[in-house]
Amino acid sequence: MRDVESIFEEMRNAIPAGPVRIKEAVDAGRKIVGCYCAYTPYEVIRAAGAIPVTLCSTSATPIAAGEEHLPRNLCPLIKSSYGFALTDTCPYFHFCSVVVGETTCDGKKKMYELLNRLRPTHVMQLPQTYADGASIALWKAEIERLARRLETELGVTVTESDLKREIAKRNEERRVMEDFYALSALNPAPLSGLELNLVNEFFKVSFGDEKALELIRELTALLCDNYKGGERRIGAKKRVIVTGCPTGKSLEKVFNAIEENGGTIVAFENCGGIKPNYEMVDETLPPYDALAKKYLGIPCSCMSPNDKRLNLLERLVTDYEADGVVDIILQACHTYNVETFLVRERVKVPYIAVETDYYQSDAEQLATRMGAFIEMMG
Ligand code: SF4
Ligand code: SF4
C-alpha cells in the first residue's frame with residue numbers, strides 16, 4: 001500500500017502531465033470544451049461526449065500580451081486567460097473546439113467577445129440573483145441552449161439519459177471532494193493548506209477519470225487511518241479559512257505567507273475549493289431543472305444579494321474551528337472587493353482582506369502582513 005507522501009508525489013507529477021492526456025484524447029477522437037468558471041455545467045459537456053477542461057488563467061506570464069488588447073486596470077485572471085489564448089500558450093485552449101463562458105463580471109463577459117475571434121465562444125447569460133423562480137427558469141433555458149449549441153458544434157445529440165448519467169457521476173466526484181475536505185475539520189488538521197491546494201489542482205486535471213478519483217479516496221482513507229492511529233503531521237497552528245477570488249499557482253505566495261508564519265489553511269472556500277462542490281445536483285428532479293437549481297446556487301460575488309456565501313462562510317468558520325479568515329481580492333475585482341465589508345462583519349473571527357495580483361513582487365510584504373495577522377489571533 002502507498003503512503004501519503006507517495007500519493008502526493010503522484011498527484012504532483014500528474015498535474016503537468018494533464019495536457020499530454022488531453023492530446024491523447026484528441027488523437028483518439030474526443031472533443032475538448034474549454035471552461036473558466038464554476039458556473040459551467042460540466043454534466044452537459046460530458047453528456048455531449050466532450051471533455052470539459054479548465055483553461056489556464058492563473059499565471060502572470062501572458063498578462064503583458066493580454067494587455068495589448070485589454071485595459072491594464074483589469075483583473076489579472078481575465079488578462080491572464082486572454083493572454084494565454086492570444087499567445088497559444090495554454091495547451092488546453094490549443095486543443096479545445098469550443099469555449100463556454102458566462103456573464104459573471106463585466107470584465108469577463110466583455111473579454112469573451114474578443115475570445116470569440118480565437119475560438120467559438122458560447123456565452124451563457126447568467127442571472128445575477130438566485131433568490132427567485134424567474135432566475136432559475138432563465139438559467140434552465142440557458143443550460144438547454146448550451147446543450148443545443150454543443151449538439152451543433154460537435155455533431156451529437158444530448159439526451160436526458162446522458163445527462164442523468166453524467167449528473168450521477170459528477171455528484172460522486174463532488175462527494176469524493178467533500179469527504180476529503182472534511183478531514184481538515186479535524187483539530188489539529190491532518191494536512192497543510194498547500195497539500196489541500198495540491199489535491200484541488202489534481203482534481204482539476206482528473207477529467208472525470210475514475211483512477212484519479214480512486215487516488216483521492218485512497219488519500220482520504222489513509223490520512224484518516226493514520227490520524228486515528230495517532231499521527232499528527234501538522235502541529236498546533238492558527239487555523240485559517242481562505243476565501244475570495246479564485247486561487248491558483250500564482251497565489252501560492254499568499255498560502256506560503258500564511259503557512260510559514262504560524263498558520264495553517266484548513267479550508268478554501270473559493271472556486272477551485274469548497275464553493276462549487278458543497279451542494280449536489282438533485283438526482284430526483286428532471287435533469288435541466290436540477291442543473292439550473294444547483295449551478296445558480298453557487299455563491300459567487302457576482303450574485304446580488306449574496307447571503308449564501310456569507311452563510312457558507314459562517315458555517316465553515318464553526319465546522320473548521322477557524323481562528324481567522326483571509327479574503328484574497330484580485331486587483332480590480334470589484335464584486336469580491338465590495339463584499340469584503342459584509343464578510344468582515346459576518347465571520348466573527350479575525351479577518352483580513354489582501355489585494356494582490358499574479359506577480360510575486362509583494363511576497364515579502366504578504367509574509368509580514370500574514371505574520372502580524374496570525375500573531376494578532378493570540
Ligand atoms: S468566482 Fe465567480 S466568476 Fe470566478 S470562477 Fe467562481 S463562480 Fe466564476
Ligand atoms: S476575480 Fe473578480 S474580476 Fe476577476 S474574473 Fe473573477 S469575478 Fe471577475
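Since every read-out is calculated from the coordinates, none of them should be taken as a lab result. Since the structure is predicted, the reported quantities are computational estimates derived from the model, not experimental observations. Cβ placement follows ideal geometry from the backbone for every residue including glycine, while neighbour counts extend to all protein chains displayed.
Using a Gaussian network model of the chain with C-alpha springs under 10 Å, which one of His69, His94, His122 is most mobile by mean-square fluctuation? Highest fluctuation among the options: His69. The GluC sites (Glu not before Pro) of the range 57-138 that meet both conditions, a loop assignment by DSSP and at most 16 other Cβ atoms within 10 Å of the site Cβ, are Glu67, Glu68. For the range 141-231, pairs of C-alpha atoms spaced more than 22 angstrom apart make up 44 percent of the total.
The base-10 log of I(q)/I(0) for the range 336-378, evaluated at q = 0.16, 0.26, 0.31 Å⁻¹, reads -0.52, -0.99, -1.05 [Debye formula, identical scatterers on Cα atoms, solvent excluded]. The calculated 222 nm mean residue ellipticity attributable to helices in the chain amounts to -16000 deg cm²/dmol, summing -39500 (n - 2.57) over DSSP H runs of n ≥ 4 and dividing by all residues.
Mind checking the dipole of the range 13-158: about its Cα centre, +1 per Lys or Arg Cβ, -1 per Asp or Glu Cβ, Debye to the nearest 20? Display every interim value, and only then the final one.
Details: 16 positive and 14 negative charges, 21 e Å.
The dipole of the range 13-158 has a size of about 100 debye.
How high is the relative contact order of the range 201-298, in percent, counting Cα pairs under 8 Å that sit 6 or more residues apart? Relative contact order, the range 201-298: 21 percent.
Which order do the peptides 330-340, 305-315, 30-40 take when ranked by the mean count of other beta-carbon atoms within 10 Å per residue, highest first? Please list the in-between numbers first.
Working: 330-340: 19.4, 305-315: 16.9, 30-40: 22.0.
Listed from highest to lowest mean packing, they are 30-40, 330-340, 305-315.
Each residue of the range 352-365 was assigned a 3J(HN,Hα) from its phi angle through the Karplus expression (A = 6.51, B = -1.76, C = 1.60, θ = phi - 60°), giving 9, 9, 10, 9, 8, 9, 8, 7, 9, 5, 9, 4, 5, 4 Hz with x at Gly and Pro. Across the range 91-134, Cα-Cα distances exceeding 13 Å account for 58% of all pairs. Amide H contacts of Gly101 (H built 1.01 Å from N, in plane; Pro and chain starts excluded): His122, Val123, Met124 sit under 5 Å, all sequence-distant by 5 or more or on other chains.
Working note: Karplus 6.51/-1.76/1.60 with θ = phi - 60° gives the range 218-230 the couplings 4, 4, 4, 5, 5, 4, 5, 4, 4, 5, 4, x, x Hz, where Gly and Pro are set to x. Here the 3J(HN,Hα) profile of the range 240-252, calculated from phi with Karplus coefficients 6.51, -1.76 and 1.60 at θ = phi - 60°, is 10, 9, 9, 9, x, 5, x, 9, x, 3, 5, 9, 4 Hz, Gly and Pro shown as x. Simple rule: put +1 on each Lys or Arg Cβ and -1 on each Asp or Glu Cβ in the chain, find the dipole, and look at Gln125, Cys37, Gln360; the Cα lying farthest toward the positive end is Gln125. Against the chain, whose longest principal axis comes from its Cα atoms, helix 76-86 is set at around 40 degrees. Tell me which of Leu55, Leu215, Val199 sits at the most positive position along the dipole axis of the chain, charges placed on C-beta atoms (Lys, Arg +1; Asp, Glu -1). With unit charges placed on the Cβ atoms, the residue in question is Leu55. Across the range 224-378 the C-alpha pair distances fall into 10 Å bins from zero in the proportions 10, 37, 33, 16, 4, 0 percent. With Cα atoms as the point set, the range 172-291 shows a radius of gyration and Dmax of 15.2, 49 Å. Note: the range 13-158, Cα convex hull, 115 Å³ per residue. Each distinct pair of alpha carbons in the chain adds a 1/r term; the inverse of their mean, the Kirkwood radius, is 21.2 Å.
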